[in-house]
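*Asks:* Take this structure first; my questions come after.
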Amino acid sequence: MAIYTRGGFALPETSLASKTGTWRLQRPIHRHSSAPCHTACPAGEDPQAYLAQVAEGRWREAWETLVAANPLPAITGRVCDHPCESGCNRGQYDEAIAIHNVERFLGDQAIREGWAYPVTPPSVNAHRVAVVGAGPAGLSAAYHLCRLGYQVTLLDMLPEAGGTLRTALPPYRLPREVLAQETQRLLAIGIEFLAHHALGRDVSLDELCADYGAVFLAPGRQQGREWSVDGRVPADLHTGLRLLQEWVAVGTIPKVKSAAIVGGGNSAVDLARVLRKTGAEVHVITHDALPKLGVPPEGAMKAIPREVKQAQEEGVMFHEHRGIQRLLLRGERVVGVEMVHMKKLPRPDGSIGIVPFEGTETVLHVEQIIPAIGQVVLAAGMERILEGSPFFAVDLWGHVANHPGVFAGGDARKGSRGTVSGAVGDGRRAALAIDGYLKGVATVEHHTEAIPLESLNLNYFEHEPRAEEPLLAVEQRSGDAEVAGGLVEPQVMAESLRCFSCGMCLACDNCWTLCPDQSVLKIKELASDGSHYVFDYDYCKGCGLCARECPSGYIVMEDELLFAGRY
Amino acid sequence: MSDLAGTLIPIVDLRRNQPRFRGLEAGHLACLGCGQALAARLVTEAAGPDVVVANATGCLEVFTTAWPQSAWRVPWLHSLFENAAAVASGMEAALKAQGKSAKVLAFGGDGGTFDIGFQALSGMLERGHNVLYVCFDNEAYMNTGVQRSSSTPHAAMTTTSPPGKARMGKRHLKKDIISIIAAHNIPYAATASVAYPSDIRKKVRRALEIDGPAFINIHSPCPLGWGHDGSLSIEVARLAVECGLFPVVELERGALTGTMPLRAPRPVTDYLKPQQRFAHLFQNDPRAREELEHLQALADYNIETYGLRGERPDPLDSAGADTVRRGGVRWA
Amino acid sequence: MLQALEGSQAIAQAVALCRPQVVAAYPITPQTHIVEGLARLIADGKLQCELVSVESEFSAASVALGAVAAGSRVYTASASQGILLMSEVLYNIAGLRVPLVMTCANRAVSAPLSIWNDQQDSMAVRDAGWIQLYCADNQEAVDTTVQAYRIAERTELPVMVCVDGFTLTHTLEPLEIPPQDQVDAFLPPFRFARALDPSYPVSSGTLVSPEYYTEARHAHHQALLRAKDEIVAADSDWAVLTGRASGGLLQVDGPDDARVAILTLGSVFGTLLDAREEYPQLGPVKLIKLRAFRPFPVEALQQVCVGLSDVIVLERALSPGSGGIAGAEVRAALAELPAAPRVHNFAAGLGGRDVPLDIYPRLLAATQSASPVRFAILDVELDKLPVEDR
């Protein structure tokens, strides 16, 4: 029983005896929702997480977070088509975060600083897994298997690791120095790399299946597709990939006055730029639309938009929504093509078809026509798995049906968009699936919806322009010099601070500042992992102000009944 | 113990070790989402421990000090409804006579400031007491059950200005308190909004640096009296600023020395619509439309009078002043 | 050393000797001269003090409250309308148990407007929870002011020193102003236990629920009852120091064998002393000066009234519709005696009406009446009133 004080005074903070938390009908909780950059990333990166660490100046931890999903950030930071940035909520507000530049910066910094991958070398008794193909999918799988404690043997028919990255990506996009350093550093974590090992020639799939606990096949697409126009093929036909590989390998390319490249992927654009550097007049003909605002990704060229833009700057001419209806031949030699306006449209049955519009035909005079319409898997050594199909039919985890212990992914997978990040993701998921297979447990997918812009509170963000990396002037774009210059540290820091931190604590102090009941407490000076604040449910009345004003949608209100008995 | 986020620090210790001054603690009995509770917390936090507070009668006094409990951690005295400024004057005179440096704060609601305590406040300002008077303006007598005050906006519904067949809510304009205060030629008078904590903090510190009387009127939504969800208190306060109905300004010696510019003024309906006290203005009634136009005209008048329209984006304008960043605001 | 001083100036000097740190006041006749006197002392550098010249009596009391709460010794003064305007704060000061001293320069209350003396103002706030001490002359006003600070600070109750307006405040009398060292020896520096202090931040003026409000009121009542000892002690200690006493709770003057007593408050006591000398033929009469009206000294009064046949209460206020104020309380107190004297109650001297010496025989005439005079206002000239209002 309280004893009345003279004049009725009360002692400080004695109100803490009133547990106003009993008033609450709803309670705020911290709920980490996936950022759209994360759900959009085929490699499985969570850019929000490492941007937060960058913002705190924890560079190495940021890189470690990054390589927990993707061991090739210096590479993907350069060559990825960064769907993360297309997904970025900030893109709907002003401009997306330059995530690929942050990724590239971290990758380069790790190389510069010699940061070791956070991997413990596998024990000698560990299960052995074979990985065929040292492209991005194979490297990723080998890396993730190593992280999971497996002994990995990585086979490739070429003398060096890298796959398509090495054979078909122009050095002005991916300097060979970067490729070499990142792949060497990666292999150094304890992966056994067997160069000059071609499947079907030096080792058979059956032998691998016998000697290893599991096999991951990532051979890429090495076989050019058949191409003709109404059954007609020019005499001097070269596929785009072949020409590109040749140019990458020996540095020369047959000189022509003018060429039309058919296709809208990165190979088409890469080749167009290479040809353009020789002084040729270069046209790219594609069914799809040029990437621009308002064009959905499925209707746009598959090539990376910034590459298309750079190609245009360099003088490559693009013909969107065009197909080739007829080859103009003088004998076997091409003198031009007849193009027609085409568009992907739904047919009456609901399927999508490409419809040419009569009366829109135009003629383009070119000396050479180069198809760059993609490749298929070279079946050698894997015939019994492919069974005549051009690609591996696998599930999300790379399981090859009816072949337990055999997994496949990367470009060789049916439905692959042919991106490096997709391949890295395939490798990562296959590694998890192999781990599950060898342990006899099913691999489960943690599917999460990205948090939409509407769940954020945009009042708290100021418009700030995105940091733009310097590009080589068009007249300086010759040879192998890298075109995109990347960002410098202050710019990377500025980008990280632009991040909305969608679905994750921004450590901005808003809840701590705005709680009318002093019921949000800070537990450490700064934390990017969502542990910066706690709710004091003894006093929180559940007004919901913190949830409403949380800029990043990390606080949500839950019905108190859900917690009955747990408090 | 807090079992959240893996911390093993007893939550009581955590509370004690917050990196800011805790002037107003938890366990007070304010309604959910109370703007005044938040504003008072922000003010005492910014003012720091070396203060003495005189508090007028009102919600703030009632919900913080239900004997034998008190939520305050600053020396605090409630005397009466209309004398906070006079009591603060006496405190200041006493501290001065004793050669002590503590700063005196006076807290009142709009009733205690605009109305019943106005004379005492005017006297305090005129005599030049070194006191910071803070008015938590929630635009009606909330403690007694939402009766109109001279701060209640035109056309708002209160229990003593109900809308009906003959009337559309309050028939008089909100008293222009800040101009009246500034007319005392005091060194510092300002308005602020609970939606902009860093602005409040800055103004409190500025006011405390000054030797002489200072006044801050803080717009503080009352979810119960205004008829909006408690979670919307900040949102509603922000809209009041952004539409121009509550201009955020600073006046020194009567001269306008600072404003929070509006980057893109919002229509007043954005502010009025979420509040039940303006619900009668959204009926299909020509009188309602007229009142809406009137309120818009009042907002436009404020924007014009104080020159609130920002010419270019400004980090301290209505859209920039509440910007957050990772790492939050560094509290001194 | 005797000096001839106007009452207000003497009170101002007494206040100054108590070393107040804050003085807050608002002008009102007849209190004004006191504060003017203090202002002059401050202006002359003879008193180190914050003088807060407020915009109303309401604020004067509020400033005083705030200043004590912040730990300073405080003085204020008022009268009449000022006391009534203050009344809300007066209750608040007492309930907060904030010790301070004020002078009430007693004056009639409007309407009709009157600036002249009676005691209706202080009587109107008799239930505010203050100690009220009434002074019979200016020497008492000086001595009581000093004593009041000691009483207030020891009991944590406010003290109102009531001094008849004009009759005392504006009257020149020879009197003794005590030396500073005497006052300092009597009155230690003020230390308020609950002073607002950032190092021990208590909250005062809280909301108290019905479960405790009754106890709060009981405690306040007890504090006033216990204050009687402090009032007596202060007066006797002061007498030891100075040789002057003011009567403690009450003072009796007259022969032991007197069977009749006249009781009054304030300066009328002096008039009655003179009148008794003027009319020795009217027999032995005791004169009782009620110094402490709050707390009301029931026991002390009963003690001095044992054996009396008649007690005549003369006061300068009334409760319209009821009658006398002090008279009713005296009658109630004496009713407890086994052989209770008859109590006659008169009001006189309202709104500055002169109280002449011949009031004495007229008062004593009451003892001849068959039944006690319950209440009457003396000197009412009914022909000055319209017939229907007589």
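No value in this document is a laboratory result; all are computed from the given coordinates. Not measured: the values here are computed from a predicted model. Here the Cβ positions follow ideal geometry from the backbone for every residue, glycine too, while neighbour counts run over all protein chains shown.
*Asks:* Kindly work out what percent of the DSSP beta bridges joining two residues of the range B:20-306 are antiparallel, to the nearest 5.
*Replies:* If I count the DSSP bridges inside the range B:20-306, around 25 percent turn out antiparallel.
*Asks:* Taking every DSSP beta bridge with both residues inside chain A, roughly what % is antiparallel (nearest 5)?
*Replies:* Taking every DSSP beta bridge within chain A, about 50 percent pair in antiparallel fashion.
*Asks:* Here is a further query. Arranged by the count of other C-beta atoms within 10 angstrom, fewest first, what order do C:Ser87, A:Ser552 take?
*Replies:* C:Ser87, A:Ser552
*Asks:* Further question on the same structure: How many angstrom separate the Cα center of the range C:150-200 from the Cα center of the range A:122-191?
*Replies:* If we compute the Cα centre of each part, the gap is 94 Å.
*Asks:* Would you tell me the mean number of C-beta atoms belonging to other protein chains that fall within 10 Å of each C-beta in A:504-512, as a whole number?
*Replies:* If you average over the peptide's residues, the count of other-chain Cβ atoms is 5.
*Asks:* Using alpha carbon centroids, what distance separates the range A:289-312 and the range B:122-166, in Å?
*Replies:* 59 Å
*Asks:* Considering only DSSP beta bridges where both residues belong to the protein assembly as shown, give the percentage that are antiparallel (nearest 5).
*Replies:* Expressed as a percentage, antiparallel bridges in the protein assembly as shown total about 35.
*Asks:* For a test of the definition: using alpha carbon positions, the gyration tensor, and the 1.5 limit on a/c, classify the range A:224-375 as rounded, prolate or oblate.
*Replies:* oblate
*Asks:* Going by Cα centres, the range C:10-51 and the range C:78-141 are how many Å apart?
*Replies:* So the separation of the two Cα centres works out to 18 Å.
*Asks:* Moving on. If each DSSP helix of 4+ residues adds -39,500 (n - 2.57) and the sum is divided by the residues in the protein assembly as shown, what number results at 222 nm, nearest 500 deg cm²/dmol?
*Replies:* -9500 deg cm²/dmol
*Asks:* Nearest 10 degrees is fine. How inclined is helix C:80-95 to the longest principal axis of chain C, computing both from alpha carbons?
*Replies:* Helix C:80-95 sits at roughly 60 degrees to that axis.
*Asks:* In addition: Tell me whether the protein assembly as shown comes out rounded, prolate or oblate; compute the Cα gyration tensor, take square roots of the eigenvalues as a ≥ b ≥ c, and use a/c under 1.5 as the rounded threshold.
*Replies:* Prolate, because a/c is 1.5 or more and a/b exceeds b/c.
*Asks:* What percent do you get for the relative contact order of chain B when only Cα pairs under 8 Å and 6+ apart count?
*Replies:* 15 percent
*Asks:* Relative to the longest principal axis of the C-alpha atoms of chain A, give the angle of the C-alpha long axis of helix A:305-314, reported between 0 and 90° and rounded to the nearest 10°.
*Replies:* That works out to roughly 50 degrees.
*Asks:* While we're on this one: Sort C:His170, C:His218 so that the residue with the fewest other Cβ atoms within 10 Å of its own Cβ comes first and the one with the most comes last.
*Replies:* C:His218, C:His170
*Asks:* Another one. Over chain C, calculate the relative contact order: mean separation of alpha carbon pairs under 8 Å at least 6 apart, over the residue count, as a percent.
*Replies:* 16 percent
*Asks:* So for chain A, averaging the separation of alpha carbon pairs under 8 Å that are six or more residues apart and normalising by length, what relative contact order in percent results?
*Replies:* That works out to 22 percent.
*Asks:* Against the longest principal axis of chain C, how steep is helix C:210-242, in degrees 0 to 90 to the nearest 10, with axes from Cα atoms?
*Replies:* 80 degrees
*Asks:* Sticking with this structure for a sec: Rank these for me by crowding, A:Arg112, A:Arg58, going from fewest to most other beta carbons within 10 Å.
*Replies:* Neighbour counts put them in this order, fewest first: A:Arg112, A:Arg58.
*Asks:* Rounded if a/c is under 1.5, else prolate if a/b is larger than b/c, else oblate: which is chain B, with a ≥ b ≥ c the root eigenvalues of its Cα gyration tensor?
*Replies:* Note, shape of chain B comes out rounded.
*Asks:* What does the charge add up to near A:Asp94, with Lys and Arg as +1, Asp and Glu as -1, over the other residues with Cβ less than 12 Å from its Cβ?
*Replies:* 0
*Asks:* Rank B:Thr257, B:Leu24, B:Asn143 by how far each Cα sits towards the positive end of the charge dipole of chain B (+1 on Lys, Arg Cβ; -1 on Asp, Glu Cβ) and give me just the farthest.
*Replies:* After comparing all options, I get B:Leu24.
*Asks:* Here is a follow-up. In the range B:170-223, which trypsin sites (Lys or Arg not before Pro) fall in coil by DSSP and have 15 or fewer other Cβ atoms within 10 Å?
*Replies:* B:Arg171
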